[in-house]
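The values are calculated or read from the model by the stated rules, or taken from the named source; none is laboratory data. Computed from a predicted structure; not experimentally measured. Cβ placement follows ideal geometry from the backbone for every residue including glycine, while neighbour counts extend to all protein chains displayed.
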């Protein structure tokens, strides 16, 4: 690496690193280290062993770790904000909406009083069906309220013309997390979940007064199984090129002959705003149309009644909410008890009025200096990533030039939006929880559909400031870091820089790297699907991804169940690349000087330990199986161990040698960015 490049970056890093400030703590939770396990044999267990041994997953949680704890710690802050708003509803219309929504959730007596009345209109619509030609209109209605029906609609940027919004049709309509729950009959755990799902559907229908609940539940599960057979797998869904199928509105009839697309387009509000849609899974739409024709109307009516009930169950009387939890909480996730009602009320209020709540959260809990520090860290990581592009031994000059061009167009969003959402059109009633939820869903739907035909809103956020997460959006080529994540264990203002580069630095690097993972790398700097790679570099990149898939396929968090290396490929690339870039940035921040030794640990060791602490977590087996089937992220212990095994710096920091269990031969290590 050129010395003048190092010096240029070093000045920026030193400005933010606090090198001349008072001594810092190590930031490593050394009390959690299990000395009986060598880091060279199991880094995750060595670093977190005592925490794992002494920590119980809370009875109302499916998993517990860094992300969950920070989210749980934020809940009382949000509750205080909500209750303050409720105590002073005259403060602003938004304060009243927030307070009234929360109050409607907490008023259990009112829920018992109204019973199923909030669903009467939906149930009446279903009961009024006299022929299948009326089903497109019903699906359009359910689409507006976010109910799970055979296909859904999403509004986003056109992947091949990022200057405009487009409507995207996608497969949907299952009550279980993935098609495997219906189709893998040889898997005893999945088969048991399917059997209990049918029992759950029957119980819910019976509670709703359905006299044929058992027979209808059996028919519903059979119908969903047929839908599952038609659906693309989660791995197939990762291919953005395969999912880009531009269909003019007048050609939809070729995909589904005889289906009343005109009514559906009109009733969804899409007609007149666009002249084409993107059909993500054309074969599924064709198959659904055939299934529609051969399945009895009575089965479809039972199916739609069930999904209206399912979508609203948490917001109904106690019997419905408890039965909903009994299956989706206890059976599917292994959770023993529901969260306290106030936490569920906070979650629901947050979902409906997220930015209104977020605005108040930021005012109280996000100091301006945190945003300034984060902006500098992001700038440092982007610079380090740019330097890394120049050192890749597998990328040629033409692709390298394009990669730099994309990186230069990255947009960074930190903390909170520049402009806040206007909720003035959302009606919230203090005594109507289910109605509030339905109106908030319709409000969100209307916001999305109204984007069609309008310029791209580049200020919009896809997460609220109080969401413990971060994301990369390839269509906007942006990285986004909500306010709440800039806290321990992700960022510790009292800690030495090493642990912060390993934690929040790797998070930043992770999101940057998504722009260059196997999916993100198919988009250019303007957010368009465009192949900017040479054939030789495609081949080199594919060889590395195959190696990474093979590595992660071998990991098993639950006996008999393995990580899907293809499903998790993008996140695994981002984990590995993000850690590598953050490590480079950390070394540059040292300015050629050795890092201080704190708590007997070198700076390089503290960097990787900061990274490993972030993934400290425990998870119930049932929930882990759900994640293995649906989640593009690898299990936490493999996000730690699987990543550091590919990092040359880890070997140097901990003296990992042949014969150690963490050791991979240099030829087997995957270094991508």
Filter the range 104-113 for residues that are within 16 Å of residue 429 (Cα to Cα) and in contact (Cβ under 8 Å) with a residue 60 or more places away in the chain; the one that is nearest to the chain's Cα centre (by Cα) is 105
Per the filter on the range 252-265, residues assigned to a helix (DSSP H, G or I) and either in contact (Cβ under 8 Å) with a residue 40 or more places away in the chain or in contact with a strand residue (DSSP E or B) (Cβ under 6 Å, 6 or more places away or on another chain) (or both) are 261, 263, 264, 265
Flag if residue 469 is assigned by TED's automatic domain parsing to the domain that holds residue 632, in a loop (DSSP other than H, G, I, E, B), in contact (Cβ under 8 Å) with a residue 24 or more places away in the chain and surrounded by fewer than 21 Cβ atoms within 10 Å (Cβ to Cβ): yes
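Modelled with pLDDT of 95 or more, assigned by TED's automatic domain parsing to the domain that holds residue 397 and touching a strand residue (DSSP E or B) at 6+ places or on another chain (Cβ under 7 Å), is that true of residue 573?
The answer is no for residue 573.
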Looking across the range 614-673 at residues that are touching a strand residue (DSSP E or B) at 6+ places or on another chain (Cβ under 7 Å) and part of a helix (DSSP H, G or I), the single one that is nearest to residue 487 (Cα to Cα) is 636
When restricted to 411, 399, 464, 391, the only residue more than 20 Å from residue 507 (Cα to Cα) and at pLDDT 95 or above is 399
For helices (runs of 4 or more DSSP H) lying entirely in the range 103-151, having 3 or more residues that are buried (at least 20 other Cβ atoms within 10 Å of the Cβ) picks out 135-144
Exercise. Does residue 526 fit the bill of being within 19 Å of residue 405 (Cβ to Cβ), surrounded by fewer than 19 Cβ atoms within 10 Å (Cβ to Cβ) and touching a strand residue (DSSP E or B) at 6+ places or on another chain (Cβ under 6 Å)?
Worked result: yes
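Can you tell me how many residues within the range 227-241 are outside any loop (DSSP other than H, G, I, E, B) and surrounded by fewer than 18 Cβ atoms within 10 Å (Cβ to Cβ)? Spell out how you get there, then give the answer.
Within the range 227-241, the subset outside any loop (DSSP other than H, G, I, E, B) is 227-230, 236-238.
This time we only want the ones that are surrounded by fewer than 18 Cβ atoms within 10 Å (Cβ to Cβ), so: 229, 236-237.
Summing the residues that are outside any loop (DSSP other than H, G, I, E, B) and surrounded by fewer than 18 Cβ atoms within 10 Å (Cβ to Cβ) in the range 227-241 gives 3.
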Taking the range 280-316 and keeping residues buried (at least 19 other Cβ atoms within 10 Å of the Cβ) and not in a helix (DSSP H, G or I) leaves 280, 281, 316
Exercise for review: Could you tell me whether the range 386-409 includes any residue that is within 30 Å of residue 73 (Cβ to Cβ) and in a helix (DSSP H, G or I)?
Suggested key: no
Residue 563 vs (1) farther than 17 Å from residue 673 by Cα; (2) assigned to a helix (DSSP H, G or I): all pass except (2)
Flagged in the range 502-554 as without any contact (Cβ under 8 Å) to a residue 24 or more places away in the chain, under 22 Å from the mean Cα position of the chain (by Cα) and more than 30 Å from residue 161 (Cβ to Cβ), in numbering order, are 549, 553
Among the residues of the range 45-63, the number that are surrounded by 19 or more Cβ atoms within 10 Å (Cβ to Cβ) and under 23 Å from the mean Cα position of the chain (by Cα) is 4
Picking from 370, 441, the residue that is surrounded by fewer than 22 Cβ atoms within 10 Å (Cβ to Cβ), touching a residue at least 24 places away in the same chain (Cβ under 8 Å) and farther than 30 Å from residue 120 by Cβ would be 370
